[in-house]
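The values are calculated or read from the model by the stated rules, or taken from the named source; none is laboratory data. All values derive from a computational prediction rather than experimental measurement. Positions of Cβ are backbone-derived with ideal geometry, glycine not excepted, and every protein chain shown enters the neighbour counts.
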Amino acid sequence: MATKRLRGATLGRRLIAGAVAAATIGALAACSSGGGSTDGEPSGKLQLLVSSSDATDAGFRAINEAFEKQYPKVDVVFSTVSNDNYPATKSSRLTAGNLDLFVVKGLMETPSYAKDAATDDARLAKAGGLVDLTGESFLKQYTPTLLDAQAIGGKQYAVPTGVSYYTGVFYNKKIFADNGLDIPTTWSQFTAVVDALKAKGVTPFGLGGKDSWPAGLPMLASVASNYPTVADKQQLAKDLWTNKAKLTDPTEVKVLEQTEYVLQNAQEGAAGADYTSIPSGFAAGDFAMTVDGTWDQPTIDAAVAKKFDYGYFPFPGSDKAADNALLNGKTELQLAVPTSAKNKTAALAWLKFFSEKKNYELFLQKSGFSSAQPGISTSAFLQSIGGYTKSYEPAWDQVWFANNKAGQDAVFPFNYPALSPLGSATPEEAAQAAQKAWSAAG
């Protein structure tokens, strides 16, 4: 079964596009003209490409409108592309040289055990295809640890637009209260909540499986609990790459079992449901919970016709509550300037404008991201989950590097697309297929 990328940088973000990526890097490196600011008043067309979602698109449009008011000589040509189609679109437009500013994914150093699995955009930066932003004053606005995490060779090539958390569960407070349910903090409590809801005829979960990637969110959430620290995840990744661990080991199979549990307790027709239908269904009370990212909170709010009280808690995949205490997340959409850009002046002016506090706060209000800058006011929703985000923990897909020699079953490498109702495999069968594909990669 074909697999798809999780939203933005999520899930398959470290897959290498092979010959296409190499051709793109070569073309950009050949026409590189170096980094840094370009003097002069910005003018002309600014070609901006992003991977699309309703909330972030609204945020970018708000910034673009404000930017054009301040710089009336600039025409921002804003292009949004679905996450599935974004890699191919990005590659073709970079090769054609008609991009000034675009979303990059997975900018970070590759560990030595996975040195051949660097992301396309990390390779692009190393090949000289991205403008070096290290000396730009606007980067001083951003949280140093986030910048450190995205550094390539000690240099900065992108602006982080925010942070998202996506190992949690949105829940309908009214449904919980009406059924005498408390927020579960362990796996046994979680399954008891699901059983209680089903006994009252309430559908436990809403899930948009049509594009495949939303069904991967429960998998990432399960990994967050079963491997609760970044050290745990890093060790697992290294052990898998060095063949000290197998995808058929008990904890790895448990991840798939918990993922299947959510899938099989979702609404009827979940496998064919569009992800964009979930916020409205959740707001309408069609189901009690949905495993989703905090990025979708503005969309949920927009779907509400009347007051709707909801909350968000970490997926409790462990029976030790301490393992379920924190949400896992990622640095969100990163914006970079290709060295092939025809309008670097406008691109750098846009990044500077975006980074200014009042403009950045506007973007956060629309996008629903947590702040990548210190001292920025956040929404009531983000404040409500502050206890779960007091210590940043990267999600599994921010630690894992996919082996481009492995088959589709080992991409994530927890083989959730094979599970019913997306596929027909049991968790054990899905794990065996993943291990076989992984072993075949050598």
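Kindly indicate whether D211 is in contact (Cβ under 8 Å) with a residue 24 or more places away in the chain, surrounded by fewer than 21 Cβ atoms within 10 Å (Cβ to Cβ) and among the charged types (D, E, K, R).
yes
Just for the range 118-131: of the residues that are outside any helix (DSSP H, G or I) and within 24 Å of the chain's Cα centre (by Cα), which one is farthest from A158 (Cα to Cα)?
That would be A118.
Identify the residue in the range 406-442 that is buried (at least 20 other Cβ atoms within 10 Å of the Cβ) and among the polar types (S, T, N, Q) and, among all such residues, is farthest from K254 (Cα to Cα).
It comes out as Q435.
Of all the helices (runs of 4 or more DSSP H) wholly in the range 297-405, which have at least 1 residues that are surrounded by fewer than 21 Cβ atoms within 10 Å (Cβ to Cβ), more than 22 Å from the chain's Cα centre (by Cα) and at pLDDT 95 or above?
Correct list: 344-355, 357-367.
Hey, does the range 189-200 have a residue that's of a type in the set (K, R), free of Cβ contacts under 8 Å to residues at least 60 places away in the same chain and in the same structural domain as G387 (by TED's automatic domain parsing)?
Checked against the condition, which is being of a type in the set (K, R), free of Cβ contacts under 8 Å to residues at least 60 places away in the same chain and in the same structural domain as G387 (by TED's automatic domain parsing), the range 189-200 yields no hits at all.
Kindly provide the set of residues from the range 174-206 that are within 26 Å of the chain's Cα centre (by Cα) and under 26 Å from G368 (Cα atoms), ordered by number.
Passing the criteria: I183, P184, T185, P204, F205, G206.
Anything in the range 112-124 that is out of contact with any Lys or Arg (no Cβ under 7 Å at 6 or more places or on another chain) and either of a type in the set (D, E, K, R) or in contact (Cβ under 8 Å) with a residue 40 or more places away in the chain (or both)? List them, or say none.
Scanning the range 112-124 gives A114, K115, D116, A118, D120, R123, L124.
Taking into account only those residues within the range 25-74 that are in a loop (DSSP other than H, G, I, E, B), at pLDDT 95 or above and not charged (D, E, K, R), which is nearest to L364 (Cα to Cα)?
Filtering the range 25-74 for residues in a loop (DSSP other than H, G, I, E, B) gives 31-43, 52-53, 71-73.
Checking which are at pLDDT 95 or above leaves us with 42-43, 71-73.
With not charged (D, E, K, R) added as a condition, the list becomes 42-43, 71-72.
Details: P42: 25, S43: 26, Y71: 22, P72: 24 Å.
Filtering first and then ranking leaves Y71.
Would you mind stating whether L236 is touching a Leu at 6+ places or on another chain (Cβ under 8 Å), under 22 Å from N328 (Cβ atoms) and part of a helix (DSSP H, G or I)?
The answer is no for L236.
Restricting attention to the range 59-74, which residues are loosely packed, with under 14 Cβ neighbours inside 10 Å and of a type in the set (D, E)?
So the first thing to find is which residues in the range 59-74 are loosely packed, with under 14 Cβ neighbours inside 10 Å, and the list is 65, 69-70, 72-73.
Passing the criteria: only E65.
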